[in-house]
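Trainee: Pasting in a structure now, in structure tokens, and then I'll have a few things to ask.
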Amino acid sequence: MNRFEDAEGGETLEGTTIAGVEASPELSCAHCGDPCRESDPKLGEKYFCCHGCLTVYRMLTEHKLGNYYQLNAQPGLSLRQHSGSEKFEFLDDPETARRLLDFSDGKLARVQLYVPQVYCSSCIWLLENLYRLQPAVLESKVDFVKKEIAISFREDKLTLRELVELLASLGYTPSLTLDTTEKKPDRRIGRRLLLQTGLAGFAFANIMLLSFPDYLDTVGAIGSEFTRFFGVVSLVLATPVFLYSAADFFKTAWGSLRRRQMHLDVPISLGIIALFARSIYDIVTATGTGFLDSMSGLVFFLLIGRIIQTRTYRALSFDRDYKSYFPLYVTRVSGDTTQQVAATNVTVGDRIAVRNGELVVADAILISSEASIDYSFVSGEAEPVRRKSGDLVYAGGRVSGDRVELEVVKDVSQSYLVSLWNSQQFKRERESKASQLAESVARYFTAGVLLLAAITFAAWFPQGLNSALLTATAVLIVACPCALALTIPFTYGTAMQVMGARELYLRNQGVVEGLAKADTIVFDKTGTLTVGGSGGVEFEGEALTARERHLIKSLALQSIHPMSRQIVEMLDHATASIPQGVTENPGRGILGRVANVEVKIGSREWIGTEPGNAADAAPESGGEAWVTFDGVIRGRFVMRSQVRPDVGQSLSTMRNTHSLWLLSGDGDREKARFTDYFEDDKLIFRQSPQQKLDFMDRLRSGGKRLIMLGDGLNDAGALAASDVGIAVSDRVASFTPASDAILAGESLWRMPAFIGLSKRAIKIVVAGFIISFVYNFVGLYFAVTGQLSPLLAAILMPLSSVTVVGFAVAATRLAAKREGLI
Amino acid sequence: MSAIFLLIGASLLVAVGFLALFVWAVRSGQYEDTVTPSMRMVVDDDGAVPGGQHGASVQRKDSSNNLE
């Protein structure tokens, strides 16, 4: 199983289960593959784990969509967990519906929904055949990477609520959060860039073809009427390139000039304008065919560079805040009735009901007697914590287990996390991380080129204004830093791609420079350096026999609790069978009969052990699960938070080059484990999110360049305050706070290699600059001496671009190989 | 020689046709999602998979690696 699969869907469990129940494959659910018992619902020869699955199966086969089951064996999502638990009354509210719909005219409507459960080709097929289940659906289209579905439907025949309920009944419950109703990013920007590039490429190729006769004609065999005709056609082709494709370069250049800054687009625009003006002059005066092929080619290459530069990870979001996770509506309880209200309208004193897997949206006091709250979303702690009646539950906690009732004590916007998030410091604008290297080069480069053009003009002026103008424009043309502008996107783009393959996903190319320049690295502890769980569960007690392993695994397979999953993972090689009479007591444990032995796995209170024995003391961190066979205690599984494998080694490496800090919200009981890697005074514990943020600010105002690695929303402020904030996550596609980069936890040990590659990338960029300067100097020699012909320009300019791009990609890949990343 | 004017005109016409196709393709959003169509095509309209389950099992893996 891998961490990309959203834990919200049932698939992680399902996969494990399929692997575990090989003993009796005939008793698995025909829809979702979960194990079944004889007593479970049956249709013909087929068994189902629950009525939800049976209903979906019947619905699909009745609408001749039974082929769904031939695409994948048991592709369905288990409905046992959430059948009928979702309520969507709030979608009947016209205001909500209006905000959700992309388009609506009373008859037709279009909506885009995020469906995290989409995980295979069967899902796509089923969701795109919705119109067969529900004739009012006109079209549904899935975007697999973003896990989004766009549906057009007849509003007069089907309400949004009915549509969402249909999806939910199939197991594809759309995730409706606070930011679902916010404005979606505009897709037209990406389209515009593509169109600009396509147009430039089209013009480049065609003008090149038209220019060939002229280039190859060394004896004047083609008549002047053809030269003129070719010139005019080229001009017609090139004008849209100048006006449309190159427009954004002019805009950036103009904008930076007005701010009295020097952007690389300034000399580029200068070059493009010089090329175009000179070509018009040549063609109109019939003195030549102009440089229009060079101009179109230049714009084409530059736009490709820009596409590379803006390429990013579509499936990842680097801008998440609490709104991406908080539900749109909550259930308010008043007396015996429940009512759905907008999450933002919940007020102090309201009673709210929160079901298994839902988030608490505001700080609240627990009314129900007990609850298990998972704060992984807030703090990165994997283990749910127990709360008793009267305890305060912070907003952002996820309830696991039974439905609980709470009384709200603070408004949503006043709740601890949200108020922290909305505070001014957290909102600080991310500085523009555009490449500083390019900017400083652009400044000197532009000045140099302008100076050289002026000198050339002056030197040629005695020969007449005309030839002085011609040579001066030739200088501007040939000095156009196209190759220079391509170096950075292709070098950093390649580095980004290599890092992405190793599960470090950068937000944009500027982050590469930030990584290279940092001198200080700050780590969060829990969830970043240590991980509760993965490989961390061990059995305390006499070693288990094969039969005992069988008993434990069979029962543990029936539970989705993280502890059970860890146990199953540990007992990887054990066999399993279907237990009888399984009862799960959420938050406490699970009970069942396997091979006539009553097996219990659960908490110490539930099992009923006598505390006091030193070996039985609750583990320092992480949870524990006791095991009894027929009421006799056998021992316990302990889940320890562990330093991620190989991270110690990397910390020792980085300690030589960077100053390392550990900044943790926890107490210092684990301090001893880190003194090998951090200096004593750089281990800082008991930090609140605000303190973390202030601490980062202090370091930064001391002139340090910071990389911060953290997870969870409690680190969000610190991540924002650093030069490069890296969100460490074990489920890259799901929970991450706003950051500059997202790193998979298991790749944390590669940090020295990532930083090494970034440093090498900067050197490669400098080398690329030197190569492009060499080309520029060769060209300038011809330009200054008045020998720059269109043919020479048409060869020199693409050649320099191709050389630089080839060098950048090859050298970066070589550097990545040296760092052990490929 | 004047045939060349005609030929160049004709060739440009064809080229412009392709440019128009490109513009249409971009406008209709074909470059925005390049992953899903590749998964969609292995499933026939009636939901049958040529070559049985093999193709489908490959796609299960897809879900983990395609973040772009």
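Bear in mind these aren't lab numbers, they're just calculated from the coordinates by the rules spelled out. Predicted, not measured: the structure shown is a model, and the values here were computed from it. Reconstructed Cβ throughout: ideal geometry from the backbone, glycine too, with neighbour counts over all protein chains shown.
Trainee: Could you give the nm distance between label points at A:Arg673 and A:Gln261, where each point is 7 Å from its Cα heading toward the beta carbon?
Mentor: For the pair A:Arg673/A:Gln261, the computed spacing is 4.4 nm.
Trainee: For A:Leu270, A:Leu257, A:Leu788, which order do you get if you count the other beta carbons within 10 Å of each Cβ and list the fewest first?
Mentor: Working: A:Leu270 21, A:Leu257 14, A:Leu788 24.
Listing A:Leu270, A:Leu257, A:Leu788 from fewest to most nearby Cβ atoms yields A:Leu257, A:Leu270, A:Leu788.
Trainee: Let me ask something additional. Counting only other chains, what is the mean number of Cβ atoms within 10 angstrom of the Cβ of each residue in peptide A:199-210?
Mentor: Values: counts 3, 0, 2, 6, 2, 0, 1, 6, 0, 0, 4, 3.
Across A:199-210, the average partner-chain Cβ count within 10 Å equals 2.
Trainee: For the peptides A:274-280, A:761-767, what is the packing order when you average, over each peptide's residues, the other Cβ atoms within 10 Å and list the highest mean first?
Mentor: On the way: A:274-280: 22.6, A:761-767: 20.1.
The most tightly packed comes first, giving A:274-280, A:761-767.
Trainee: Let me spell out the model: positive unit charges on the Cβ of Lys and Arg, negative unit charges on the Cβ of Asp and Glu, origin at the Cα centre of chain A. What dipole size does that give, in debye rounded to 20? Each step should come with its number before you reach the end.
Mentor: Numbers: 85 positive and 90 negative charges, 471 e Å.
The dipole magnitude comes to about 2260 debye.
Trainee: Expressed as an acute angle from 0 to 90° and rounded to the nearest 10, what is the orientation of the C-alpha long axis of helix A:188-216 relative to the principal long axis of chain A?
Mentor: 30
Trainee: Still on this structure: Which net charge results for the neighbourhood of A:Ile822, defined as the other residues with beta-carbon distances under 11 angstrom from its beta-carbon, given Lys and Arg at +1 and Asp and Glu at -1? Before the final figure, lay out the partial values.
Mentor: Details: positive: A:Arg502, A:Arg813, A:Lys817, A:Arg818; negative: A:Glu819.
Once positives and negatives cancel, what remains is +3.
Trainee: Would you mind computing, in nm to one decimal, how far apart the modelled labels at B:Ser38 and A:Thr285 are, each placed 7 Å from Cα along Cα→Cβ?
Mentor: For B:Ser38 paired with A:Thr285, the spin-label model returns 5.3 nm.
Trainee: For region A:652-692, what is the charge dipole size about the Cα centre, in debye to the nearest 20, if Lys and Arg each add +1 at the Cβ and Asp and Glu each add -1 at the Cβ?
Mentor: Details: 7 positive and 7 negative charges, 25 e Å.
Here region A:652-692 has a charge dipole of around 120 debye.
Trainee: Arrange A:Arg58, A:Arg191, A:Arg507 by Cβ neighbour counts within 10 Å, fewest through most, would you? Intermediate results must be reported in sequence, preceding the final value.
Mentor: Working: A:Arg58 13, A:Arg191 17, A:Arg507 23.
Going from least to most buried by this count: A:Arg58, A:Arg191, A:Arg507.
Trainee: At R0 = 30 Å, how high is the FRET efficiency between A:Ile365 and A:Asp694 if r is their beta carbon distance? Nearest 0.05 is fine. Spell out each step's value before the answer.
Mentor: Values: r = 30 Å, r/R0 = 0.99.
Plugging the Cβ-Cβ distance into 1/(1 + (r/R0)^6) gives 0.50.
Trainee: Averaged across the residues of A:117-124, what count of C-beta atoms belonging to other chains lies within 10 Å of each residue's C-beta? Working shown, then result.
Mentor: On the way: counts 0, 2, 5, 9, 16, 7, 3, 7.
Mean partner-chain Cβ count within 10 Å for A:117-124: 6.
Trainee: Let me ask another. Give me, ordered by chain and number, the residues 5 or more places off A:Val348 or on other chains with an amide H under 5 Å from its own placed amide H.
Mentor: Distant-sequence amide H within range of A:Val348: A:Asp411.
Trainee: Another question, if that's okay. Suppose we keep just the DSSP beta bridges with both residues in chain A; what percent of those would be antiparallel, to 5?
Mentor: Counting DSSP beta bridges with both partners in chain A, the antiparallel share is about 80 percent.
Trainee: A further question follows. Relative to the first principal axis of the alpha-carbon coordinates of chain A, what is the inclination of helix A:51-62, with its axis defined by its Cα atoms, in degrees from 0 to 90 and to the nearest 10?
Mentor: Tilt of helix A:51-62: around 50 degrees.
Trainee: According to a simple spin-label model (label point 7 Å from Cα along Cα-to-Cβ), what is the distance in nm between A:Ile307 and A:Thr347?
Mentor: 5.5
Trainee: Return the FRET efficiency for the residue pair A:Leu799, A:Asp217: r is the Cβ-Cβ distance, R0 is 30 Å, and the value is rounded to the nearest 0.05. Don't skip to the answer; put the middle values down first.
Mentor: On the way: r = 22 Å, r/R0 = 0.72.
Efficiency at R0 = 30 Å is approximately 0.85.
Trainee: Quantify how strongly other chains surround peptide A:230-237 by giving the mean number of their Cβ atoms within 10 Å of each of its Cβ atoms. Mind showing how you got there, number by number?
Mentor: Values: counts 2, 0, 0, 4, 0, 0, 1, 3.
For peptide A:230-237, the averaged partner shielding equals 1.
Trainee: Same structure again: Estimate the FRET efficiency between A:Lys87 and B:Trp24 by the formula 1/(1 + (r/R0)^6), using the beta-carbon distance for r and 41 Å for R0, to the nearest 0.05.
Mentor: Plugging the Cβ-Cβ distance into 1/(1 + (r/R0)^6) gives 0.40.
Trainee: Subtract the Cα-Cα distance of A:Asp519 and A:Leu469 from 0.36 nm times their separation in residues, and report this length gain in nm to one decimal.
Mentor: Details: separation 50, 0.36 × 50 = 18.00 nm, distance 4.98 nm.
Gain on extension, A:Asp519 to A:Leu469, equals 13.0 nm.
Trainee: Using modelled amide H (1.01 Å from N, peptide plane; none on Pro or chain starts), what sits under 5 Å from the amide H of A:Glu148, excluding residues fewer than 5 places away?
Mentor: Here the answer is A:Val115, A:Asp143, since their amide H atoms fall under 5 Å of that of A:Glu148.
Trainee: Just tell me the longest site-free run in chain A, where the sites are GluC sites (Glu not before Pro) in a DSSP loop having at most 13 other beta-carbon atoms within 10 Å. Walk me through the intermediate numbers first.
Mentor: Working: sites that count: A:Glu22, A:Glu38, A:Glu45, A:Glu182, A:Glu429, A:Glu431, A:Glu542, A:Glu620, A:Glu679.
After excluding every exposed loop site, the longest remaining stretch is A:183-428.
Trainee: Sequence-distant or interchain residues sharing an amide H contact under 5 Å with A:Phe291, placed H: which?
Mentor: Result for A:Phe291 returns A:Ser279.
Trainee: Taking chain A as the reference, fit the longest principal axis to its C-alpha atoms, fit the long axis of helix A:160-169 to the helix C-alpha atoms, and give the angle between the two in degrees, 0 to 90, nearest 10.
Mentor: Result, in degrees: 60.
Trainee: Quick one: Karplus J couplings for region A:809-822, per residue in order, coefficients 6.51, -1.76, 1.60, θ = phi - 60°, nearest Hz, x for Gly and Pro?
Mentor: 5, 5, 5, 5, 5, 4, 4, 5, 5, 4, 7, x, 8, 10
Trainee: Would you compute, from DSSP H runs of 4+ residues alone, the mean residue ellipticity of chain A at 222 nm, taking -39500 (n - 2.57) per run and dividing by the full residue count, rounded to the nearest 500?
Mentor: On the way: 27 runs with 349 residues, N = 822.
Rounded to the nearest 500, the figure is -13500 deg cm²/dmol.
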